[in-house]
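A.B. asks: Pasting a structure below so you can have a look.
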Amino acid sequence: HYEGSTWDEALKKGMAHEVDGVLCARDRPERRARLNFSSPYMELPIGMATRPDHAEMRTLGGFAGERVAVVRGTVRVPVIRARCPDCRVIEVASPKEGIALVQQRRADGYFDDMPVIQRVMTAAPGQYKIALLYYDSEAAAIRLALRNDQPELLSIINKGLAAITGAEHEQIRARWLGGAEGAPVERALQLTTAQRAWLAAHPVLRVGVDSSRAPVEWRGEDGKLRGISLDFLARISDMLGVRFELVPMAN
């Protein structure tokens, strides 16, 4: 059976083996002493909900200096502190408290899993927008956290998760993860210190483009370069924080 509680209470019960499992958990080192983690069953973005008049942001770092509400004890607290060290983090007890701070203009944004944000927006149409969707490498992987004194439980749950079909996954996602069309997306990359230093030293990269290979890459009637490859390049540009200078190549 299910036991409702706040996230803090649920995690404490899981760590104390007072329940058999905790839903929607992330694999964190400090939890492994008492919990096993299932295979991920969903890649879940974290949404930044703001008031509709908030300026557009392309990355979490863009919220530097702003007040961001986050539920305490969740993986989203270290995520926002690491990716936006200059954000003013306000730890709250619940989504209701966090989104209320945004409405009251005591916070500029509320940072939580997309289904939670979506539910808040559905209950208050027109009062909020998704300013950014953020995919963290591990924080995006949703798992079941299971008491580790019953090792058979892990293998049983993993077999059940593996039996869920692709169509069933899509049906669930369509039901719970709508409402963020057009929102900027940032994906975290596991770059080494040396790789980050190299990118910082090379903020502009020149790329040769064949302007006559439609639809892969070509120059449109308006003179702009476009195509499949350039769409992928634009996404890489957003993720890496670098600018690609497009250089047309001779035919």
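A.B. asks: Are any residues in region 10-35 under 21 Å from Pro78 (Cβ atoms) and part of a helix (DSSP H, G or I), and if so, which ones?
C.D. replies: Kept after step one, since they are under 21 Å from Pro78 (Cβ atoms), are these residues of region 10-35: 10-12, 14-15, 22-35.
Residues satisfying the conditions are Ala10, Leu11, Lys12, Gly14, Met15, Pro29, Glu30, Arg31.
A.B. asks: Suppose we keep only residues that are part of a strand (DSSP E or B) and not aromatic (Phe, Trp, Tyr) within region 36-53. Which one would you say is farthest from Leu154 (Cα to Cα)? So that I can check it myself, show each step before the final result.
C.D. replies: Filtering region 36-53 down to residues part of a strand (DSSP E or B) leaves 36-37, 42-43, 46-50.
Narrowing the set further to residues that are not aromatic (Phe, Trp, Tyr) leaves 36, 42-43, 46-50.
Details: Asn36: 7, Met42: 17, Glu43: 19, Ile46: 26, Gly47: 29, Met48: 32, Ala49: 34, Thr50: 38 Å.
Here the residue is Thr50.
A.B. asks: Now for a separate question. Is there any pair with a first residue in region 151-164 that is in contact (Cβ under 8 Å) with a residue 12 or more places away in the chain and a second that is open to solvent by 60 Å² or more (accessible area, probe 1.4 Å) and in a helix (DSSP H, G or I) whose Cβ atoms are under 9 Å apart and which are 6 or more apart or on different chains, and what are they?
C.D. replies: Ile164/Ile172
A.B. asks: Within region 84-114, how many residues are open to solvent by 40 Å² or more (accessible area, probe 1.4 Å) and either part of a helix (DSSP H, G or I) or aromatic (Phe, Trp, Tyr) (or both)?
C.D. replies: Here the count works out to 4.
A.B. asks: If you don't mind, there's one more thing I want to ask. Going through Arg31, Arg58 one at a time, which residue ends up being within 22 Å of Gln127 (Cα to Cα) and basic (Lys, Arg)?
C.D. replies: On the way: Arg31 fails: within 22 Å of Gln127 (Cα to Cα).
One residue alone meets the criteria, Arg58.
A.B. asks: Just need a number here: residues in region 217-233 that are under 32 Å from the mean Cα position of the chain (by Cα) and open to solvent by 50 Å² or more (accessible area, probe 1.4 Å).
C.D. replies: Keep residues of region 217-233 that are under 32 Å from the mean Cα position of the chain (by Cα), which gives 217, 224-233.
Right, trim to open to solvent by 50 Å² or more (accessible area, probe 1.4 Å) and you get 224, 226, 228, 231-232.
Number satisfying all stated conditions: 5.
A.B. asks: Restricting to region 119-142, name every residue that is open to solvent by 40 Å² or more (accessible area, probe 1.4 Å) and not aliphatic (A, V, I, L, M). Write out each step before concluding.
C.D. replies: Taking region 119-142 and keeping what is open to solvent by 40 Å² or more (accessible area, probe 1.4 Å), we get 119, 121-123, 125-127, 129, 137-138.
Scanning region 119-142 gives Arg119, Thr122, Pro125, Gly126, Gln127, Lys129, Ser137, Glu138.
A.B. asks: With Gly14, Gly47 as the choices, which residue is open to solvent by less than 40 Å² (accessible area, probe 1.4 Å) and under 25 Å from Ile236 (Cβ atoms)?
C.D. replies: On the way: Gly14 fails: under 25 Å from Ile236 (Cβ atoms).
Criteria check complete, one pass: Gly47.
A.B. asks: In the list Glu91, Glu43, Glu97, which residue meets the criterion of being in contact (Cβ under 8 Å) with a residue 24 or more places away in the chain, among the charged types (D, E, K, R) and within 26 Å of Ala124 (Cβ to Cβ)? Full working, then the answer.
C.D. replies: Working: Glu91 fails: in contact (Cβ under 8 Å) with a residue 24 or more places away in the chain; Glu43 fails: within 26 Å of Ala124 (Cβ to Cβ).
Among Glu91, Glu43, Glu97, only Glu97 is in contact (Cβ under 8 Å) with a residue 24 or more places away in the chain, among the charged types (D, E, K, R) and within 26 Å of Ala124 (Cβ to Cβ).
The values are calculated or read from the model by the stated rules, or taken from the named source; none is laboratory data. These figures come from a predicted structure and were not determined experimentally. Don't worry about glycine lacking a Cβ; one is built from the backbone with ideal geometry, like all the others, and counts go over all protein chains shown. These accessible areas exclude ligands, DNA and RNA; they are computed on the full protein's heavy atoms, side chains included. Shrake-Rupley method; radii C 1.70, N 1.55, O 1.52, S 1.80 Å.
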